[in-house]
Amino acid sequence: MRIKKIIVAVILLGIGFGLLYVFFLKGNQEVPYTITVEQPKFEVLIASQGSEFKEALVQSVLKHYESKPINFKVIDAYTLFTVNIDKWDAVVVINSWEYSTPPFNIKKFIKEQPNNRDKLIILSTVGSYNMALEEVDTISGESIIEKVPEYSAILVDRLDAILTRNKK
């Protein structure tokens, strides 16, 4: 009986450490980071969650703009509460919504931006089919790695539209 308890305890510890790794280490090793250029015309913030699909999408968007006069900063989506949106020409949020509802911090961030929603692009994955927010540019779809070029093209088109409106 005692051996069974020890085995169960070891298994639970292993699961616990695995979850800690997934939630705190694996997804956040890359962020935050910045890409700066000389004489930028625009400042763009990308807030994303750590997943293979979302990181591939971020990299695809960054690659598209690598020769453009745009500074980018990439942060974890869960740190949006620290963002002053007035500093940015556009903010792209790439995250997962469950049951057509954004995570609390994202919902709060959007709600706190009544005069800046035209700067926001929200791309949501998983369980968010056809979601929409009033006055916010939203895109929903599945986290399928083969669809990165498709979603990247959509993000680039929408980001170009915002940047064209906000030309300095």
When the range 90-125 is examined, which residues are found to be in a strand (DSSP E or B), surrounded by 22 or more Cβ atoms within 10 Å (Cβ to Cβ) and not aliphatic (A, V, I, L, M)?
ASN95, SER124, THR125
From the set of residues in the range 48-87 that are of a type in the set (Phe, Trp, Tyr) and under 25 Å from ASN115 (Cβ atoms), which is surrounded by the fewest Cβ atoms within 10 Å (Cβ to Cβ)?
PHE81
Going by what's in this entry, would TYR65 be described as over 15 Å from the mean Cα position of the chain (by Cα), of a type in the set (Phe, Trp, Tyr), assigned by TED's automatic domain parsing to the domain that holds ALA153 and modelled with pLDDT under 90?
no
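The values are calculated or read from the model by the stated rules, or taken from the named source; none is laboratory data. Since the model is a prediction, treat every value here as computed from it, not as a measurement. Reconstructed Cβ throughout: ideal geometry from the backbone, glycine too, with neighbour counts over all protein chains shown.
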